[in-house]
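One structure is given here, and the rest of the page talks about it.
The values are calculated or read from the model by the stated rules, or taken from the named source; none is laboratory data. Since the structure is predicted, the reported quantities are computational estimates derived from the model, not experimental observations. Glycine also receives a Cβ, built like all others from the backbone with ideal geometry; neighbour counts cover every protein chain displayed. Surface accessibility is based on the protein's heavy atoms, side chains included, excluding ligands, DNA and RNA. Shrake-Rupley method; radii C 1.70, N 1.55, O 1.52, S 1.80 Å.
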Amino acid sequence: MFSRTDNALHVEDVRLTTIADAVGTPAYVYSQSAIEERYQRLARSLGDAGICYSVKANSNLAILRLMESLGAGFDIVSGGELERVLLAGGDPGRVIFSGVGKSVAEIDFAIKAGIGCFNVESVQELDRLETRARLLSRVAPVSVRVNPDVDAQTHPYISTGLKQNKFGVPEGQALEMYRRAHASDALDVRGIDCHIGSQIEEPAPYIAATDRLFRIVDTLSSEGIDLEHLNLGGGFSIRYRDESDFDLEGFSRDVAARIAARGMTLVIEPGRYLVADAGVLLTRVEYLKPAPDEGYRNFAVVDAAMNDLIRPALYQAWHRVEPVIASSAAPRRWDVVGPVCETGDFLALDRDLALEEDALLAIFGAGAYGMVLASNYNSRSRPPEVLVQGDEFHVVRRRETARDQLAAEGEESCGQEER
Ligand code: LLP
């Protein structure tokens, strides 16, 4: 979906320079066919699996509409995400609501919308859900999020299935919650779920989690409580650098097939796997600041910063960087940094690149957890998002302006030229 033709990087059939000229930089650019290809690959290898796209990875309405058209359900974690899914035409019956801190307002909104399932993360939440459902004279569909205490072998910030993590409940508590939910006329037991982490490269942690969940399913079944679906959350890895591609075949054979054999429906909540590789962040070099002396570093100061893409600063994440137009300048080892006043404001360190001032750069793997994590730090306006389809491109979110930022504080812009 990204290729180099005539020495220039293209997204599908559009030159990235054309997009930069039209919308400026920094800017997020997504390839529609890259998302379609990923979705179909997943759907093909997991059969009828209930794919519920994890909205948090990229919540642009155009992306949600695309997911809907491909046949995805949605995994949400807030009322704001539910609003987006409904606006994008998503079927509320195929929405799953995860998260440890669902508020009364969010629960009411989701019950009234008729969502498919609440992934309940504590006894206290089950109480609240039951109370609200009863007050609204509705029956709330539930799954209990189990914390299987499985090591997903990933970055500690994105590891979620260990005892010390805030997510889910242990087996014993899950059983108690199911018994209570089963006995309640305001709750309807639907399934069981877990989400053990993100950027998981091997099926092994999923196999271990499935075994734990099966034990609970069996105990409940012997008590006459039958669960329809088993939801393993998201977490499938992508290749940022030298990771291996997620072993879908192994997952399908050792996990999906075993769940199907029990007559249960497998549900997954992939985010990154579907959208990360479909996106680049376009940025332009403002200044080249080569090392003046021994012990100094070569800095390429670009117009994107940690407020636009926080993954390198937050998770020491590695994203591939390439000049859009290959240059004949002498290559050097550069740190690609932004204008924000923090030493942690870097997009890439120690990269051998041939760079010129004004060079346009593409930062790859930026389709997931890029724009959704962007902020206004240093009062910077957030970048636009562009969706490419064949030889066409559409601005699916315009660049934010100083006026947008000031509006919530009741002020107009003083007319400073918008970037
Ligand atoms: N389901 C639940 C309940 C989750 O918490 C998550 C991600 C997903 C599904 C989707 O996971 P995925 O398939 O995308 O790995 N900001 C971090 C990732 C945080 C993931 C949080 N939960 C990053 O940029 O790496």
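Quick notes on this one:
- Checked against the criteria, A368 counts as crowded, with 19+ Cβ neighbours inside 10 Å, assigned to a loop (DSSP other than H, G, I, E, B) and not β-branched (V, I, T).
- Unmet criterion (only one of (1) touching a Gly at 6+ places or on another chain (Cβ under 7 Å); (2) under 27 Å from R382 (Cα atoms); (3) within 15 Å of the ligand (Cβ to nearest atom)) for R241: (1)
- Taking the criterion of being of a type outside the set (A, V, I, L, M) and either at pLDDT below 95 or under 12 Å from V77 (Cβ atoms) (or both), the residues of region 106-121 that qualify are E106, F118, N119, E121.
- Any pair with Cβ under 9 angstrom, 6 or more apart, that starts in region 330-350 at a residue that is open to solvent by 40 Å² or more (accessible area, probe 1.4 Å) and ends at one that is of a type in the set (S, T, Y): E342/Y377
- Of the residues making up region 307-322, those that are open to solvent by less than 10 Å² (accessible area, probe 1.4 Å) and either in contact (Cβ under 8 Å) with a residue 40 or more places away in the chain or under 22 Å from H10 (Cβ atoms) (or both) number 4.
- Of the residues making up region 71-105, those that are more than 15 Å from the ligand (Cβ to nearest atom) and in contact with a Leu (Cβ under 9 Å, 6 or more places away or on another chain) are R84, L87, A88, G89, G90, P92.
- Whichever residue in region 253-279 is of a type outside the set (A, V, I, L, M, F, W, C) and more than 8 Å from the ligand (Cβ to nearest atom) and, among such residues, is least open to solvent (accessible area, probe 1.4 Å): G279
- The listed residues are L42, L16, L66, L61, and the only one of them that is within 16 Å of the ligand (Cβ to nearest atom) and either modelled with pLDDT of 95 or more or farther than 17 Å from D391 by Cβ (or both) turns out to be L42.
- Residue-level check: of (1) among the polar types (S, T, N, Q); (2) buried (at least 17 other Cβ atoms within 10 Å of the Cβ); (3) assigned to a helix (DSSP H, G or I), T25 misses just (3).
- Qualifying residue in region 204-226 (condition: within 18 Å of the chain's Cα centre (by Cα), within 13 Å of the ligand (Cβ to nearest atom) and under 30 Å from F364 (Cβ atoms)): no
- Verdict on Y377 being among the hydroxyl-bearing types (S, T, Y), surrounded by 18 or more Cβ atoms within 10 Å (Cβ to Cβ), under 22 Å from V23 (Cα atoms) and touching a residue at least 12 places away in the same chain (Cβ under 8 Å): no
- Candidates S54, S103, S98 - the one that is modelled with pLDDT of 95 or more and in contact with a Pro (Cβ under 7 Å, 6 or more places away or on another chain): S54
- Per-region count, region 36-87, residues basic (K, R) and in contact (Cβ under 8 Å) with a residue 40 or more places away in the chain: 3
- Screening Q389 on (1) within 16 Å of the ligand (Cβ to nearest atom); (2) polar (S, T, N, Q); (3) more than 30 Å from S413 (Cβ to Cβ) shows it passes everything except condition (1).
- Subset of region 51-92 (residues that are within 13 Å of G234 (Cβ to Cβ), open to solvent by 20 Å² or more (accessible area, probe 1.4 Å) and of a type in the set (D, E, K, R)): K56
- Against the conditions (1) open to solvent by 10 Å² or more (accessible area, probe 1.4 Å); (2) away from the ligand (no atom under 13 Å from the Cβ), I35 satisfies every one except (1).
- Any hit, region 348-358, residues being within 16 Å of the ligand (Cβ to nearest atom) and either more than 28 Å from G235 (Cα to Cα) or under 23 Å from the mean Cα position of the chain (by Cα) (or both): yes
- Criterion violated by A105 - all others in (1) touching a Lys or Arg at 6+ places or on another chain (Cβ under 9 Å); (2) more than 19 Å from S184 (Cα to Cα); (3) surrounded by fewer than 22 Cβ atoms within 10 Å (Cβ to Cβ) satisfied: (1)
- S381 vs. criteria under 27 Å from R239 (Cα atoms), part of a loop (DSSP other than H, G, I, E, B), at pLDDT 95 or above and of a type in the set (S, T, Y): no
- Selection status of S137, without any contact (Cβ under 8 Å) to a residue 12 or more places away in the chain and among the small types (G, A, S): yes
- Residues in region 190-204 that are aliphatic (A, V, I, L, M) and surrounded by fewer than 22 Cβ atoms within 10 Å (Cβ to Cβ): A204 alone.
- Residues in region 111-127 that are surrounded by fewer than 16 Cβ atoms within 10 Å (Cβ to Cβ) and closer than 14 Å to R180 by Cα: V123, Q124, D127.
- Residue within region 173-189 that is β-branched (V, I, T), more than 16 Å from the ligand (Cβ to nearest atom) and within 20 Å of R253 (Cα to Cα) present: no
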